[in-house]
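Only one structure is covered here, and it is reproduced in the block below.
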């Protein structure tokens, strides 16, 4: 493959620098980060006790220990035997003590009224907020509110906010996953079963060849890189395919450039070369993929993406495409790894499906070192997604249809952990009508359209009147100027958070805002699910500081004030997890009981770093830990003695040890189509795997392809107080002597409504996962693009390609608001010509991404001394040639113009970006189009402003969204740059300017 334009010496220097940065990031013991001479180090050994917990930033799930003295966090210590991170922490994790003790935290409940922040006591403010919410519910209907949960919540709090929204009566509830991995969930679930990482961080040690596309792990998940490095030591290869030469590219083994927003074409070019040269795995495809969908893709779609055509679309040399395709095909096993660089596009669902299709074509799915290591962002974004903080789902991906609501009404009635009971009909009454109860709600991506109701038609009876943001930073949203308008059109806003975040910055003086101080994750107990589907328990280290309250307790207090507290009267947070164990059967949140999670935490030293399995000595017994358990019991974990599932769809293991085939997701739909007299796209038999005789199977005959076991998602244990005990369908699935037909007959005898005829042919007694034994598919009949195709970005430099590869057409009701990417694309067809008139250089493709020191919208890390001082500057990366043409150097102020905003930032001149691309981090706010937004930090809010502020790049990103999920397109638009005039430079604090000067000087050295 062709190298980046840098010479090898320069590349070697960068690679060495990346390795050095990693050594710092994952060193052993960690103390308080030193911001300046006035910030003393704290010796964690002075604490009275060390409390094990999990980092609250990215989704790696790093363990650490908090040093506590007199109910105060005084430092932190490494947790060396945690198998996920082995004690390592990045700069964010190493600064947790400072976050906990930050003076920028919200300390008291506040209300912004007539331009003044007024302190209120908890009872008074809760009574006022919930009284207004009940007024909206009665006057307009519950659809008049929007509830935004958080990827930073524990599993328990995430579950409770979705339950709270259901009892209030609305599906207008969502969280950050909408704008980070909703396209992954939809794309991958519609390829082979569920939309999650197929493996885990530690499995990256086993890769032979790893294609990293749309992910920069050295900055976004740095501690995980130790496992990538181990793969390299063993001969593994990491290849980065990106528009930008990232730190990860410098540390990887090779790099391939392509134009941002052309992922599907890029991947199809690889597949085309693989198939054309018979390098694909025909045997794997024949046995584990729906063959008709493969043949249609191969024969009708793939010929349009030959290497020459793809090279033109992507800007990638043909030789690079061919070399990369052959490297992947020659590998013993390869994987395709991505994060938000692949998802945040108007064609994001198509991107993620294409990545999986490459993996299937090579036959490298469903095995160690293979599959799709999909890296989530926040610490519990996987868990919050699984537990239904989603405008289109109830907990566990049950959907919104009548069957889903009947299941949850049953769970909430049968739960022994609360005193309430509710029927399906009573739930309908909560929503006021069935149509809204079964209709996707407004999402976090476009909630503001439900308030403004001006540019786009909305599809619910009334506009939104109020919004509750519970742990979500608005700076992460695109169309940030319209977000500001939406904030100030609401009747009132409730903001529950650790720091004031963007609500304080955006609200006008005459807007009613309630600020409620939340406890940190160190101040309350609960579980979190990392990117590898592993659950870890967080112990409460200290009592909530100031007058903050725990999320889960505050949610229950909201419910009580709203009139349905009998469904939220839990005795302890562990009971919330037990109710999750009872209800979330679909993806196996069953066996991860509080007792088992705590035992895994306590005995982490018993688990192997290599495969995460517990290794107990002969005759050793540890309550809650079994020999062979996988650390964190990654879902699905089907019962209280199941070890968890380390690798999804790995058929080389017995189901009792975490083995399974692809999920039989679509078989029922195909049978229904046949029964209704329709012509199904694929015969039902094509959905099920052909017979197979794996090495572990010593029974009679072969294992046959079977559908999902009937009612396994809804049948509850006989004793709900034992929520992780085996149910009839799950026990039957795992039992070697029971068939699907046997389970159906047994359920019928128990009085369940089962279609016996549907299952009568499946009489082979065999062990299976409850998901059945199915096939993956290349074509999804329920999606707009049944087979993914390339679609140009809404704002593209290649307008000559728009006619052949346009955005999707208008959709009337897309999560309750009109969507028309094609219109947006046509409105921006002359963008590159227009931008040529307003800047001092040629227009560039603008993309965005992460910094290692900051998380999400940045409210937490920009208010923490260690991370704020390490990274005190919002910047735009431009190529040195562009810098020379502009006459600017690092730190000089420039104006970045896109078709949507004019932003004032500082320059970062670097060879990371090619001359036709620019890059900006998205963690910043406090400045909007050059205007500093700190006026609201007065009175009772004085002193709570972030330590560092900067322009929000999301003011200038494209107003386009994924057709299937409403994912925002933040990874590609166009921009131009000019030097800022003196009167355009925003005012910054002396402290921030001092830190910036230090950073710039370090960079120049």
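Read the figures in this text as sums done on the coordinates, not as results from a lab. Keep in mind that what you see is a predicted model, and the values were worked out from it rather than measured. Counting neighbours? That spans all protein chains shown, and the Cβs are built from the backbone with ideal geometry, glycine included.
For this structure, a couple of remarks:
- Take every pair of alpha-carbon atoms less than 8 Å apart whose residues are at least six positions apart; their mean separation over the length of the range 114-264 yields a relative contact order of 13 percent.
- Kirkwood radius and radius of gyration were both taken over the C-alpha atoms of the range 799-1004, and their ratio Rg/Rh is 1.00.
- Applying 1/(1 + (r/R0)^6) with R0 = 56 Å to the Cβ-Cβ distance of residue 804 and residue 991 gives a FRET efficiency near 0.60.
- Were the residues from residue 981 through residue 745 laid out at 0.36 nm apart, the gain over their Cα-Cα distance would be 77.1 nm.
- Residues 405, 79, sorted so that the one with the fewest Cβ neighbours within 10 Å comes first: 405, 79
- By the Kirkwood approach, averaging reciprocal distances over each pair of separate Cα atoms, the range 182-362 gets a hydrodynamic radius of 16.4 Å.
- A full extension of the chain between residue 668 and residue 837 corresponds to an added length of 55.1 nm, given 0.36 nm per residue minus the alpha carbon distance.
- Separation in nanometres of the label points that stand 7 Å from Cα toward Cβ, at residue 998 and residue 277: 5.2
- The label point for residue 675 and the one for residue 698, both projected 7 Å from the Cα toward the Cβ, are 4.0 nm apart.
- Taking the centroid of alpha carbons for each part, the range 227-263 and the range 46-85 are 31 Å apart.
- Helix-only mean residue ellipticity at 222 nm for the chain, each DSSP H run of n ≥ 4 adding -39500 (n - 2.57), per residue, nearest 500: -8500 deg cm²/dmol
- Ascending count of other beta-carbon atoms within 10 Å, so fewest first, for 294, 537: 294, 537
- Between the range 330-406 and the range 108-155, the alpha-carbon centres lie 33 Å apart.
- Site pair residue 605 and residue 488 shows an inter-label distance of 5.9 nm when each label is modelled 7 Å from Cα along Cα→Cβ.
- Sorted peptide list for 299-305, 651-657, 676-682, criterion being average Cβ within 10 angstrom, highest first: 651-657, 299-305, 676-682
- Length-normalised contact order for the range 182-362 - Cα pairs under 8 Å, 6+ apart - percent: 32
- Neighbour counts of other Cβ atoms within 10 Å put 627, 700 in the fewest-to-most order 700, 627.
- With the convex hull of the Cα atoms taken as the outline of the chain, the averaged projected area works out to 36.9 nm².
- Take the Cβ atoms of residue 615 and residue 736, set R0 to 25 Å, and the FRET efficiency comes out at 0.45.
- Structural descriptor for the chain: relative contact order 16 percent, calculated from alpha carbon pairs under 8 angstrom and at least 6 residues apart.
- Sites residue 300 and residue 931 - FRET efficiency at Förster radius 56 Å, r taken between beta-carbons, to 0.05: 0.60
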